[in-house]
Amino acid sequence: MKQAVKCGHLFSTAAKCFAADQNVYVEDNRITEVSGGEVKPGWQVVDLSDKYVLPGLIDTHVHVNLSGGPTDMGQFGHLSVPDFAIISLLNAQADLMAGFTTLRDEGAIGFTDVAVKNAINSGRTWGPRMFVSGMALTATGGHADTHFAPYVKIDEQMGLTCDSPAECRAAARYVMKFGADQIKVMSTGGVMSQGDDVGAPEFTLDELKAIVELANNRGRITSAHAHAGDGIKLAVKAGITTIEHASLADDEAHEMMLAAGTWLVPTLCPGANILEYGTAAGIPKWMVDKDELVAHAHGIATKKAFDMGIKMAFGTDCGPPSTRHGEQAHEFTLLARIGVPAADALMMATANAAAMLRMDDKIGSVEAGKLADLVAVDSDPIADITVMERVGFVMKDGKIYKQ
C-alpha cells in the first residue's frame with residue numbers, strides 16, 4: 001500500500017521542533033520520503049493536516065505482566081504462566097493504542113514477554129514492537145526474588161536468582177537462550193519488594209562484570225534497576241548500559257554515569273502515583289512507606305542528571321500500582337513538572353530511546369528508510385506537553401491502529 005500522510009506539523013528530531021506542512025510517504029511498512037508541497041498523485045492520503053505528528057513513541061521501561069492494580073505482585077504464585085501471557089498481550093496492546101509503538105519490557109515471569117513478542121512478530125496477533133528481558137537477574141532475597149515462607153516453592157517468578165559470578169553467567173546464558181534481547185539485573189532493593197533495603201546494593205562488582213561481559217560478547221545491552229549510590233556506582237563500573245530509576249543518586253554516581261556515557265531511564269510515574277493514591281487505593285502500607293523514602297528525592301535527582309547532560313531515555317515503569325498501561329504518557333507531565341523542557345522530553349521518547357536500544361537505524365525519527373511508526377495529537381505538545389496523554393492517531397509499520 002502507498003500512503004501519503006499529510007502532516008500539519010511534523011516533529012523533527014534533528015531540529016527538535018515541528019516543521020509545518022510536511023508529507024510522509026509510506027510504502028508498505030517503510031517511509032520512502034518526507035517532503036513538503038502538494039501530495040504526489042497515486043498515493044492514498046491520510047489527512048493529518050490539522051494535527052501535530054511525531055515518530056512512534058518508545059517506552060523503554062514497562063512490565064507487561066503487571067496491570068497497575070494495588071496488589072498485582074500478589075498474583076505471582078496464584079496465576080498460571082498462560083494467564084500472565086494473556087495479561088501481557090492485553091497490556092501491550094493498550095500501550096500501542098496510547099501511542100507507544102515500541103516497548104522495552106524490564107522483566108517478566110516465565111518468558112511471557114518473549115511469547116508476546118514472538119506472537120506479534122509472527123503476525124498471529126497485533127501489538128507494539130517489543131524488546132524484552134525475559135526474567136530479571138536478582139540475588140537471593142533481592143528485588144525480584146520471592147519473599148514467601150521457606151517451605152513455599154514456586155516454579156516460576158519474575159526474577160532468576162544468582163549469587164556468584166559463575167551463577168550470574170549461567171543465569172545470563174539461560175535468559176538469552178530463551179529469547180531475551182537484553183539482560184536486566186536488580187542492582188539494589190526496590191519499593192515494591194517487601195523485606196529488602198531500597199538503597200542497598202545486591203550484586204558484587206565481579207558478579208555484575210560477569211553479566212555485562214556475556215551480554216557484550218553477544219551484542220546485547222544491559223539494564224540495572226538501581227535506586228541509590230553504591231548500587232548505581234557498581235553497575236556503572238561494570239559497564240551496564242542503562243540505569244533505571246536512580247531516585248537516590250548522589251553527586252558521585254551522577255559524575256560516574258556522565259563520564260561513562262551510561263544511559264538513565266528515570267521512571268517518575270510509579271513513585272508519584274503510589275504517593276498520590278496511597279493506602280486509600282489499596283496499596284499496601286509497607287510499599288507506601290518505602291515509596292516516601294524515594295519519591296520526593298526522585299524528581300530532584302532526575303533534574304540534576306538532566307542538567308548535567310547525562311543521556312536520558314523515556315521510560316515509565318508501567319505496571320506497578322496506579323501506573324496503568326495506556327496511561328503512562330503521564331510521565332511527560334511529570335518530567336515537565338521537574339523542569340525538563342517539553343522538546344527534550346519528546347526527544348527522550350523518540351530519538352534518544354531508539355539510540356539507547358540501538359534501533360535508531362529503524363525507529364525514533366521520521367526519515368526515509370525508517371519503519372513507518374507515527375502518532376499524532378491535536379495541539380502543540382511543546383506548548384502543552386499534557387496533550388501527549390491524549391494521542392488520537394497511531395500508525396505502526398504502516399498500519400493505522402487508531403484514528
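Annotations for the structure displayed:
- Restricting attention to the stretch 246-269, the residues that are under 30 Å from SER67 (Cα atoms) and open to solvent by less than 10 Å² (accessible area, probe 1.4 Å) total 8.
- Total residues in the stretch 16-44, condition within 26 Å of ILE385 (Cβ to Cβ) and open to solvent by 60 Å² or more (accessible area, probe 1.4 Å): 2
- Cβ-Cβ under 6 Å pairs, at least 6 apart or on other chains, the stretch 100-123 side on the phi > 0 side of the Ramachandran plot, far side open to solvent by less than 10 Å² (accessible area, probe 1.4 Å) and not in a helix (DSSP H, G or I): GLY107/SER133; GLY107/ALA136; GLY107/LYS184; PHE111/GLY134
- For the stretch 340-378, the tally of residues that are among the small types (Gly, Ala, Ser), more than 17 Å from the chain's Cα centre (by Cα) and open to solvent by less than 50 Å² (accessible area, probe 1.4 Å) stands at 6.
- Considering the conditions (1) assigned to a helix (DSSP H, G or I); (2) touching a strand residue (DSSP E or B) at 6+ places or on another chain (Cβ under 9 Å); (3) of a type in the set (A, V, I, L, M, F, W, C); (4) modelled with pLDDT of 95 or more, ALA297 is excluded by exactly one of them, (4).
- Here ASP95 clears all of (1) surrounded by 20 or more Cβ atoms within 10 Å (Cβ to Cβ); (2) free of Cβ contacts under 8 Å to residues at least 12 places away in the same chain except the condition numbered (2).
- As a summary of the residue check, MET308 satisfies the conditions (1) crowded, with 16+ Cβ neighbours inside 10 Å; (2) in contact with a helix residue (DSSP H, G or I) (Cβ under 7 Å, 6 or more places away or on another chain); (3) not acidic (Asp, Glu) except for the one numbered (1).
- Among the residues of the stretch 377-394, those identified as within 22 Å of ALA313 (Cβ to Cβ) and either among the hydrophobic types (A, V, I, L, M, F, W, C) or touching a Lys or Arg at 6+ places or on another chain (Cβ under 6 Å) (or both) are VAL377, ILE382, ILE385, VAL387, MET388, VAL391, VAL394.
- Within the stretch 266-294, being part of a loop (DSSP other than H, G, I, E, B) and either over 22 Å from the mean Cα position of the chain (by Cα) or among the aromatic types (Phe, Trp, Tyr) (or both) holds for GLY282, ILE283, PRO284.
- Comparison of SER49, SER67 shows that the only residue that is assigned to a strand (DSSP E or B) and hydroxyl-bearing (Ser, Thr, Tyr) is SER49.
The values are calculated or read from the model by the stated rules, or taken from the named source; none is laboratory data. Computed from a predicted model, the values in this text were never measured in an experiment. Here the Cβ is made from the backbone with ideal geometry for all residues, glycine too, and neighbour counts use every protein chain on show. Ligands, DNA and RNA are stripped out before the accessible areas are found, and what is left, the full protein with its side chains, is counted by its heavy atoms. Shrake-Rupley method; radii C 1.70, N 1.55, O 1.52, S 1.80 Å.
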